[in-house]
Structure formats: structure tokens, C-alpha cells
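Following: one structure in C-alpha cells, then a few remarks.
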Amino acid sequence: MINTIKTRLTGWQSRFLSYGGRLILLKSVLTSLPVYALSFFKAPSGIISLIESIFKKFFWGGSEVNRKISWIAWSSICLRKEEGGLGVRRLKEFNTALLGKWCWRMLVERGGLWYRVLVARYGEEAGRLEVGSRSVSPWWREIAKIMEEVGENDGGWFVERVSKVLGDGKNAYFWLDRWVGEVPLCRRFARLFDLTTNKLLAYLILQQIS
Amino acid sequence: MEDIYDRGWEDGGEVWRWRRRLWAWEEELVEECRILLINVALQTNVSDRWQWDLDKDDGYKVRDAYQALTQRAAPILDATAHLVWNPQVPQKVSIVAWRLLKDRLPTKINLKRRGIAQVTDTMRVSGCGQEESAPHLFLHCHVFGSIWQHIRSWIGVTGVDTDNVNDRFHQFIHYSGHLKARRSFLQLLWLLCVWLVWNERNNRLFKNTETSIEQLLDKVKFHLLWWLKANNTTFVYGSQSWWSNPFYCLGID
């Protein structure tokens, strides 16, 4: 992937381009080259910083051999324009956002073969896939990390933004799904969840019993 | 609509079965939890579905997720930041202005600070004998700074100058009221001036060519006319009327 980016760059000879031209190329072409890879794999942070350093060099007009001053921190370049940046994508966050799509699809696209394969491999419980403690594929580990993430500030961004809208209640889990309030009941009333005899309570079952 | 008691939430229902008897404070939690459930209603003919809170209808979007991930708790508010961008202005011009507002143009002072230029070399290119800093170059220098005087008399406005580049930009744009068309025109004008002054400085420094301030002013007028014509095919005025009354040509006098 890095090679693709590098080959693309050698063709461009950045010294003949203005800052404006380089910015356009950077935003529209360079940050898009790794999209496919980033949408599937979690990129190691070393790779991310390597790619970003190539971007930086390109933007400020440097090349493999000559160095240029980076006049403005990359993090401010990545800010949105209203915040005084240039609106270049941050690869790490972009990567996470792309991977989040998988988590979403796991919730809503239950019919696909890929999902059934995952169910067969890792098992399903309470309407979601089990993470599995045995040796799991690195891909699955990263996806599961996003799903499971719990935390105050940065963690849990996915879980916090997904909720269940109640219809007939046949597919909602009383404790585990977030269907009322800001957090799932199992976290809001962690003590009660700890004590309940039926953690996987889904109230369809109840209706059938009664 | 179903009765709430069908769901095991009633007293002694399936939900409230515990591994042991609850303590009093735990009972309070249960009560709190029940209160939450009072207003929950089910609809029998609709099935449950997942919702992505940032886009309730269409579901997950990478764009929303990215924005959520990069959102800061305290966004940086910068009143001038968005002003450097204008669809009628080439990006390279906007970028120079952007760097100017952040004081990150390679002026001699900035180079010196980074240990690149020699100390003796920091004098102004225009030869006015002062160190070349961004505010000096663009505002106070009696060679380049005087262009603002000319500009003001061309468009017929008066104003007092502030010392800070950002403030000056902001003030300049609001010289002639808050009308959008006027602000936009002044924005173009300011960006263009910055661009041309910077280029002129570079030409003097690296190419040893020199343009007088009057010629620079003519350049400003020409460029501005080009920009406007390039973006607006119905803009019919020739350079003559443009020279004498730009606001009239734009229909905003």
C-alpha cells in the first residue's frame, strides 16, 4: 500500500505544483488510496504515521531526498476548515470509522453469508456475536474491540451511538440493548444486572411463557 | 398497544428475579429502574430495529462516525479561519492567506527563529531597514503597507488600521457594511492583495525584479476583474468602468 502511494507520488514531481494543487491531490487522491485497505483492516499505528509522514512531506513540497520545513503541525492541518485547518483526513480516526461500518452491518445485516460464517466460527448470544476467547483472527479482534469498547471519553463511541427502537419488543434484550435512556440498563444498573438470574432476558420469551 | 404487564415487568415478574434477596438500597435501584419503564410502549405490528443515533433514518455513515470521532470537547473557535476560503479564489491564494493568519509564512523572522537565515540577513526586502515579520511586511512596511491606502481610496472607504493581521482582515471585510455581496468582494480583494504582496516580496528577493506600488495596484485591479469574470459570465463591464467604480460594476454601490 505504501508502495502504491510512493509510486503515485513519483509521477507527480511535487515541485511543479502549487500548494493549492498539492492540497487537492492530497485530499482527493492520496487519502483515498488506502481506503479499501483501511475499510477492512485496522492499520498498525506505525503504518499510519509512516503514511502521514509521506503526506506531510508531499504537502510541504519535500521529496525523498530534500527536506522541507513543516510550518504547521499536521494535527492542525487535519482540523476542519471552520476550525482553522485544511480539512485533511486523519487516518487513524478514519480507519476506525470505516471499521465501525462492519459493527453496524453485524447488527442489521444478519442474512449475509459472511455473517453466518462468523456465527459458525464464534457463536451468537443475545443477538450479537461472541467475541471468543480462543485464538481469534486479528481482524475479528479489532472489530470486536470497537463493539465492546466501554469508556468515559473516547471509548464506547460506537455503542453509545447505537440504540434499539422498540417495536413489538421481540428482538430487544432487556438488559443488554440500549432501548431506554443513555446507556444500556446493564450498565446503568450494574448492581441489579449482577444479581439478576436472567441476564439474557428478551421479553418475547416472557410473552410466550405467560 | 400492549398492556405493560404482559412483559414480565410486573411485581414478581421475570425481570425481577434475583439470585438472593435484595438489600434496601438495591430495592431503591429497582424502583428507579421501574420508573424508567413507565412510559415505554410497544407496537405489536412493528419489529424492533437498530438505530444509529447520528442518522436516525439512514443508519450508519462513515462520515458521521468520523466526525464523531474527531469532534473535540471544546472546538477551537476562530472567527477569521473560514474567511480565507472562497470558491472564487484559487486554493494556492487561500493557503498563503491561511499561513499568514497563523504567522507561518517563511518570512525572515520566522526563518531566523528556526535557525535557518543568518541574523544579518533579516532586514526587509523592500529596504526599509526593519526586520521582516509578517505584520510588518503586510501592514506597517512603508513600501508594501502603503498599498492598503491605495486600495481604500480606490474603493472609496475609510478606516483605521489595527496592528494585528487577523483583526485587520476581519475589519477590512466589514469596511463597507454587512451586506453579503460587499463582504465577499472585500474578502476577494484582501486575499488578492496578500497574495500579490507576497509574490512581489518573493520576486524582489529571488528574481531581483521590482514592481512599483502603483503597478501592484493595477495588478490587483486586473486580477480581481479576471477572478470575477471567470466566475461570472454575465459580468460585462470592461476595465474602464471597473477602474473607476468597482462597487457600481458589481451592482452593490
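Bear in mind that the values in this text are calculations on the coordinates, not laboratory data. The structure presented is a predicted model; accordingly, all values stated were derived computationally and were not measured. Every residue, glycine as well, gets a Cβ built from its backbone with ideal geometry; the counts of neighbours run over all protein chains shown.
Inter-chain Cβ neighbour count for A:92-104, averaged per residue, equals 5 (cutoff 10 Å, partner chain atoms only).
Taking 56 Å as R0, compute the FRET efficiency from the Cβ-Cβ separation of A:Ser28 and B:Arg20 and round it to 0.05. My answer for the efficiency is 0.35.
The mean count of C-beta atoms from other chains within 10 Å of the C-beta of residues in B:37-48, rounded to a whole number, is 5.
Based on DSSP H segments of at least four residues, each scored -39500 (n - 2.57), chain A has a per-residue ellipticity at 222 nm of -14000 deg cm²/dmol.
Using the count of nearby Cβ atoms within 10 Å as a rough guide to exposure, how do A:Thr96, B:Thr44 rank from fewest to most?
The fewest-first ordering by Cβ neighbours comes to B:Thr44, A:Thr96.
With a/c under 1.5 counting as rounded, go ahead and sort chain A into rounded, prolate or oblate using the C-alpha gyration tensor (a ≥ b ≥ c being the square roots of the eigenvalues; past the cut-off, prolate if a/b is larger than b/c, else oblate). Prolate shape, in that a/c is at least 1.5 and a/b is the bigger ratio. Given R0 = 22 Å, the distance between the Cβ atoms of A:Met1 and A:Val136 translates into a calculated FRET efficiency of 0.35.
Mean partner shielding of peptide A:75-82, defined as the number of other chain Cβ atoms within 10 Å of each residue Cβ, is 4.
Distance from the alpha carbon centroid of region A:13-74 to that of region B:210-252 works out to 37 angstrom.
Rounded to the nearest 0.05, the FRET efficiency derived from the C-beta distance between B:Glu28 and B:Thr211 at R0 = 60 Å is 0.15.
Calculated translational diffusion coefficient of the protein assembly as shown (25 °C, 0.890 mPa s; Stokes-Einstein with Kirkwood radius over alpha-carbon pairs) equals 90 µm²/s. In region B:81-249, the ratio of gyration radius to Kirkwood radius, Rg to Rh, stands at 0.97 when only Cα atoms are counted.
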